[in-house]
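See below for the structure under consideration.
Please treat every number below as a calculation from the coordinates, not as lab data. Treat the numbers as computed from the prediction; the structure is a model and nothing was measured. Cβ atoms come from the backbone with ideal geometry, glycine included; neighbour counts cover every protein chain shown.
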Amino acid sequence: MDNKKVALSVAIITKDEEENLSECLKSVSFAGEVVVVDSGSDDRTVEIAEEYGCRVFVEQWKGFGLQKQSAIEKCVHDWVLVLDADERIPDETRGEIVRAIKEPKADAYSFPRKNHFRGKWIRHGTWGADEVIRLFRKGEARMSGRLVHETIETESAARIMAPILHYPDLSVKGTVKKIDAYSSAGAEQLLSEGKRSSVLKAFSRGLAAFLKCYLLKRGMLDGKEGFIIASYNAIYTYYKYLRLLEIQDVRGGRGD
């Protein structure tokens, strides 16, 4: 890791991220500290984090929003950068982050996120225009409490034009695992919002998710990769509403 550190804390949550974590940590070697909150990895994730000098905490899973907020609260520096283990900070973005911290013009900053799949930058679909708030002055922003699809909540954010790079695992094995976790959390989130489900709704929402990603958002322009991503979106949405229906049945309520 670099000897030239800046007064920045990086907050990362992990679960079985040994294949991603090293590259993520290398990309933020300029940060003064990295806080990793792990939720019981069965692989070398914790060992890798410790090898890179991270402050590591192992905690029970609380949902994406609360887990990330727990990591944020453990950070010691005034400025915090929240990352996922499959994200990277390229050199151009590193320079912009350092400038934003040394000469701040805002209390929070958003970034364009470049999502990659099978070695290709995905420019269209629901992945195309991806903007995320990730850098902020501690106390001026916090994670939403959502179980999934959490966001950083702040009154306003300036924009850093340099990107965050995202390399999600969309192998069949990785996607099945992710769909299982995300659809369960998504169903619980829908339930907490008073949403209801049915077999027809699960099918129609899944189909709508595919059409939105592939046609409305022009995912077809990303070729084979665009079709696969749209299909995964449809499957995730379908199973999320099926899980919600299952929860309704178990807890005594029936979908329409």
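Give the label of the value calculated from the structure for Cα Rg over 2.2 N^0.38 Å, choosing from (1) 0.94; (2) 0.99; (3) 1.04. Recomputing Cα Rg over 2.2 N^0.38 Å here picks out (3). Could you please state, rounded to a whole Å, how far the C-alpha centre of region 74-147 is from the C-alpha centre of region 15-48? Result: 17 Å between the Cα centres.
Work out which GluC sites (Glu not before Pro) in the chain are exposed loop sites (DSSP not H, G, I, E or B, at most 10 other Cβ within 10 Å) and give the longest gap free of them. Maximal segment without exposed cleavage sites: 1-154. The GNM of the chain, with springs linking C-alpha atoms under 10 angstrom apart, assigns the highest mean-square fluctuation among Q60, Q189, Q69 to Q60.
Looking at the chain, do any whole DSSP H helices span at least 15 angstrom along their long axis by alpha carbon and average 0.5 or above on Kyte-Doolittle, and which? Please list the in-between numbers first.
Numbers: long enough: 91-102 (17 Å, -0.79); 172-192 (29 Å, -0.07); 199-211 (18 Å, 1.31); 223-250 (41 Å, 0.05).
The qualifying helices are 199-211.
Region 122-151: which trypsin sites (Lys or Arg not before Pro) are DSSP loop and have at most 15 other beta-carbon atoms within 10 angstrom?
Within region 122-151, the qualifying trypsin sites (Lys or Arg not before Pro) (loop, at most 15 other Cβ atoms within 10 Å) are R123.
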